[in-house]
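The values are calculated or read from the model by the stated rules, or taken from the named source; none is laboratory data. Worth saying up front: this structure is predicted, and the values here are computed from it rather than measured. As a convention, Cβ positions derive from the backbone with ideal geometry for all residues, glycine included, and neighbour counts pool all protein chains shown. Accessible surface is based on the protein model in full, side chains and every heavy atom, while ligands, DNA and RNA are left aside. Shrake-Rupley method; radii C 1.70, N 1.55, O 1.52, S 1.80 Å.
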Amino acid sequence: VDTVPCADTPGMNWKRDLPVQLGHGLVCSMSEGMGPMNFIHPEMEEKIFGLSEKYDIPVQPLSLCGFSASTDALAGSIQGRGVTAATLTIPRRYSHSPVELMHMNDVLAMLEMLSRFVVEA
């Protein structure tokens, strides 16, 4: 669980630059990092999007291939034999500033997803 910047602010083309918006749900990273094999584990993808559909939890899929940004989930999934992992994030605006902000519905979507995941895993 982490946060991710969004580009739905004036002067940004959110569809091109970073297709993440506030108020549209949590974000599931489909891929991240610079490597060619850094994709979400198929079982995790099925579980997350299955729960999203079953419980109407809004999820924004995001691919960060080619970006140097990655999380500890990526590191754990490619070390040694690896660990089945996924990265779920909450969108944020104005990253690393005194007025960084999130949408409460995105936070609630994350809580709902995590609760359902733990119960049904």
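Between E53 and E100, the distance separating the two model label sites (each 7 Å from Cα on the Cα→Cβ line) works out to 3.4 nm. All other residues whose Cβ lies under 12 angstrom from that of V118 are scored, Lys and Arg at +1 and Asp and Glu at -1, for a net of 0. Here the stretch 42-58 is scanned for amide nitrogen atoms under 14 Å from the site 7 Å beyond the Cα of A121 along Cα-to-Cβ, giving 43-45, 47-48. For S63, S31, the ranking by accessible surface with the largest value first comes to S63, S31, using a 1.4 Å probe. Rolling a 1.4 Å probe across all protein chains gives D2 an accessible area of roughly 70 Å². Taking Cβ atoms as reference points and 15 Å as the exclusive limit, the residues near I57 contribute a net charge of -4, counting Lys and Arg as +1 and Asp and Glu as -1.
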